Amino acid sequence: MNHSPLPPEVVDRIESTLKIVDREVWAITASDGASRGALTATWVSQASINRNFPTLLIGLAPNHATAKLVLKSRRFLAHLLRSDQASVAYKLAAVSGVSGTDKLAEFTLIGDRPEDAPPMLASCLAWLECQVFHYYDCGDRWFFWADIIDAGTPFDEPVGEVQPLREQAFFKSLKPEQRAQLLAARDAELPLHQSWADMWRTMGEEVEEIDLSELDDEEDT
């Protein structure tokens, strides 16, 4: 399949449509031995309706240090940020952990945690502790499916009375130079991400045709 660039006017229409979906902003933390990391994420979604086996799906770029920590440790903490925590989201997005920078150094963390547990931010709207059970590499993103093994909120105020930080509000809160910095960092990564995505698409063209007759005997609901 030929994957050619779309006309600019079509790109604009698609981008405007996708912005209607105003996703929540999360802080993902992970650790492996003495290494720890954190990043800002919006590709975070509940992946099961079975309340007895709750799962979470996250998508992370493979060039991020925290993504590698999640892959190695098979654990992570997803912190849902409050509407007044745009500065937290910016700090975790503006600095790369690949160079060895400890992005969590300036944040207050919960201290009484097991040694092998992911770091927990002391301040957020709510958190989900997750154990990865499946991972999929699709080129420019690594997708992790994880069992949610615990959850909570670090303060006494009912969760429903506090609003989460959302993507559009986050970007609107940034100063022009901060917004320009994040967009420049995103654009700098695009060629690398595109090369990975193109390679994955090429591999997908060679997938065997599925025998749909095997599905005929399965009951539809």
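So the values come out like this:
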{"item": "Any hit, the stretch 131-139, residues being farther than 24 Å from residue 47 by Cβ and under 15 Å from the mean Cα position of the chain (by Cα)", "result": "no"}
{"item": "Residue satisfying all of: in the stretch 33-47; assigned to a loop (DSSP other than H, G, I, E, B) and modelled with pLDDT of 95 or more; surrounded by the fewest Cβ atoms within 10 Å (Cβ to Cβ) among these", "result": "43"}
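The values are calculated or read from the model by the stated rules, or taken from the named source; none is laboratory data. Being a predicted model, the structure only gives us computed values, none of them experimental. Cβ: placed from backbone, ideal geometry, glycine included. Neighbour counts: every protein chain shown.
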